[in-house]
Amino acid sequence: MSTPSHDWLDLLRTGSEKILERAYQDNPEDRKYEDRDPQRLGSTGAGEQEIAQAEERLGITLPPSYRLYLQVANGWDIVGYGAGHLASTTAIGWLRDVDPGLTEAWPPGPPVPDEEYFIYGEEQDCCLHLRTEYIPDTLWIGEHDDGVFLLNPHIKTAEGEWEAWFMAPWMPGASRFRSFWDLMQDQYRGS
C-alpha cells in the first residue's frame, strides 16, 4: 500500500483564506475572526501517539488521507456562513454513538447494486444510490452547515482509503466521495 501525497497544508491554508474572506464579505462589521491566522484555521497537527490512541479507542486503522490530514491539523474550524468544524482525534466517534438519533432516522432502503452505488461525481444520485445500512457504522469526524462529515469503513480502496460522506438535512441522502481527500477538495471548491 503506497502512501498518498496530499498537500493538506496548502489546501487548509488556501481554504482558510477563502473562508475568512467570505465570512467578512457576508458580514463586514463582524470582526470576531480578526485574531485568527488567515493562513490556517486548524489546530496543530496530531502526533503519531494521538492518532494511535484514537485508532485503539475506535478499534480501527484510519484511512491514509485522513491520517495525513490529522498530522497537519488535529481539528479545523469552519467559520462564517455554514459554520462547523472537523473534530480532533479525541472527539471523533462512531455515528451510532455520537448521534444515535441520526442513525435511527434512516429506515432501511432498497438494495443498491454495485454498478449504481459506485458512481461518484456529478452523475451520483445522492438519494437513490445510498446504502442506508452503512449509516450506523460510519465514523463521525465533524459537522458543517447542519450536516455531518462521515467516513464509511464498509467501502475501502486498494490503498486503504474509506469512502467519505457529507450528509445534511437539506439533502435527500449523502454526497459520497472515494476518500476524505476527495471530499475536502469538493468542500474547498464549494467555498
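For (1) at pLDDT 90 or above; (2) touching a Gly at 6+ places or on another chain (Cβ under 9 Å), each residue gets a yes or a no:
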{"position": "H85", "(1), (2)": "no, yes"}
{"position": "T89", "(1), (2)": "yes, yes"}
{"position": "G101", "(1), (2)": "yes, no"}
{"position": "E104", "(1), (2)": "no, no"}
{"position": "T138", "(1), (2)": "yes, no"}
{"position": "M167", "(1), (2)": "yes, yes"}
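Results for (1) under 19 Å from D7 (Cβ atoms); (2) within 16 Å of the chain's Cα centre (by Cα); (3) modelled with pLDDT under 95, shown as yes or no for each residue.
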residue: E116; (1), (2), (3): no, no, yes
residue: Q124; (1), (2), (3): no, no, yes
residue: T132; (1), (2), (3): no, no, yes
residue: D145; (1), (2), (3): no, yes, yes
residue: I155; (1), (2), (3): no, yes, no
residue: E161; (1), (2), (3): yes, yes, no
residue: W181; (1), (2), (3): yes, yes, yes
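The values are calculated or read from the model by the stated rules, or taken from the named source; none is laboratory data. Since we're looking at a predicted model, the values are computed, not measured. When we count neighbours, we look across all protein chains shown, and the Cβ atoms used for this are built from the backbone with ideal geometry, even at glycine.
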